[in-house]
Amino acid sequence: MEIRLASPIQYDSIVDGEGIRAVLWTQGCPHKCPGCHNPITHDFDGGFIADVEELKNELTNNMKYQDGITLSGGDPFMQISAVLEIAKHVKALGKNVWAYTGFTFEKLIEISEKHPNMLELLNNVDVLVDGKFIESEKSYDLYYKGSRNQRIIDVAKSLENKEVVLVSKYAKEKTYNKLAEKKDYIFV
Ligand code: SF4
């Protein structure tokens with residue numbers, strides 16, 4: 001099986017989800033969000049083709065010091081079968097899976113009615129960051145997302161409850177900027 005990627009797997013990321021993470025940068029995104037941080041990943045003919053079995057072998061050798069993998073791009077949900085193989089492999093290694101998508105969780109559920117492997121993929125994702133990047137909602141005070149409309153979703157609980165359940169610790173905004181404005185705090 002093949003997958004179209006924008007770059008080789010990145011390791012040791014601390015900004016693409018909780019902990020230290022590998023990142024799978026998939027190629028191809030239909031959402032075309034104005035202000036996207038990664039427009040080079042939009043073209044479905046761009047990037048390069050990689051072999052999924054080779055990527056799985058690479059991950060087996062390199063995941064020891066990573067907390068998990070983040071499926072990003074591009075939109076990883078445009079390559080369901082290949083991304084599912086990789087997500088299942090990482091879960092089998094005992095690591096967690098985060099995924100970013102421009103689709104909403106509800107839209108992915110709707111798609112899963114015609115494409116059952118979408119539901120299987122969701123069952124192998126621990127945390128989903130959903131929704132398009134919206135420039136007018138952009139903030140630097142958010143955890144692991146670019147705009148306020150996006151949601152950091154506990155996928156297992158959401159599937160069980162049949163409605164979106166957020167990861168509560170990441171639903172709030174960072175406070176350090178506001179604290180820095182107060183004179184009684186000293187930051188070093
Ligand atoms: S979904 Fe993500 S990669 Fe796609 S256009 Fe929007 S911000 Fe860019």
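The values are calculated or read from the model by the stated rules, or taken from the named source; none is laboratory data. Everything quoted here is computed from the prediction, not taken from an experiment. Here the Cβ is made from the backbone with ideal geometry for all residues, glycine too, and neighbour counts use every protein chain on show.
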Notebook entry, point to check: Of all the residues that make up the stretch 43-69, how many are of a type in the set (Gly, Ala, Ser) and either in contact with an Asp or Glu (Cβ under 9 Å, 6 or more places away or on another chain) or away from the ligand (no atom under 16 Å from the Cβ) (or both)?
Noted result: 2
Notebook entry, point to check: Picking from GLN10, GLN66, GLN79, which residue would you name as being touching a residue at least 60 places away in the same chain (Cβ under 8 Å) and closer than 23 Å to TYR144 by Cβ?
Noted result: GLN79
Item checked: Subset tally (residues that are within 16 Å of the ligand (Cβ to nearest atom) and surrounded by fewer than 21 Cβ atoms within 10 Å (Cβ to Cβ)) for the stretch 81-104 -> 2
Check: Pick from SER72, SER7: which is within 16 Å of the ligand (Cβ to nearest atom) and closer than 23 Å to LEU166 by Cα?
Finding: SER72
Next item on the list: Take the stretch 28-56 and flag every residue that is surrounded by 14 or more Cβ atoms within 10 Å (Cβ to Cβ) and on the phi > 0 side of the Ramachandran plot.
Entry: GLY28, GLY47
Item checked: Given (1) charged (D, E, K, R); (2) more than 18 Å from PRO76 (Cα to Cα); (3) surrounded by fewer than 15 Cβ atoms within 10 Å (Cβ to Cβ), index of the condition ARG148 fails -> (3)
Next item on the list: Using the structure shown, decide if ILE20 is more than 25 Å from LYS95 (Cβ to Cβ), aliphatic (A, V, I, L, M) and either near the ligand (Cβ under 9 Å from one of its atoms) or modelled with pLDDT of 95 or more (or both).
Entry: no
Next item on the list: Might you let me know whether the stretch 154-175 holds any residue that is closer than 17 Å to PRO34 by Cα and free of Cβ contacts under 8 Å to residues at least 60 places away in the same chain?
Entry: no
Notebook entry, point to check: Taking ASP126 and the conditions (1) touching a helix residue (DSSP H, G or I) at 6+ places or on another chain (Cβ under 7 Å); (2) over 25 Å from GLY146 (Cα atoms), which numbered condition does it fall short on, given that it satisfies the others?
Noted result: (2)
Check: Can you name the residue in the stretch 126-149 that is in contact with a Phe, Trp or Tyr (Cβ under 7 Å, 6 or more places away or on another chain) and not acidic (Asp, Glu) and is also farthest from SER112 (Cα to Cα) among such residues?
Finding: TYR143
Check: Before we move on, is SER136 within 16 Å of the ligand (Cβ to nearest atom) and among the polar types (S, T, N, Q)?
Finding: yes
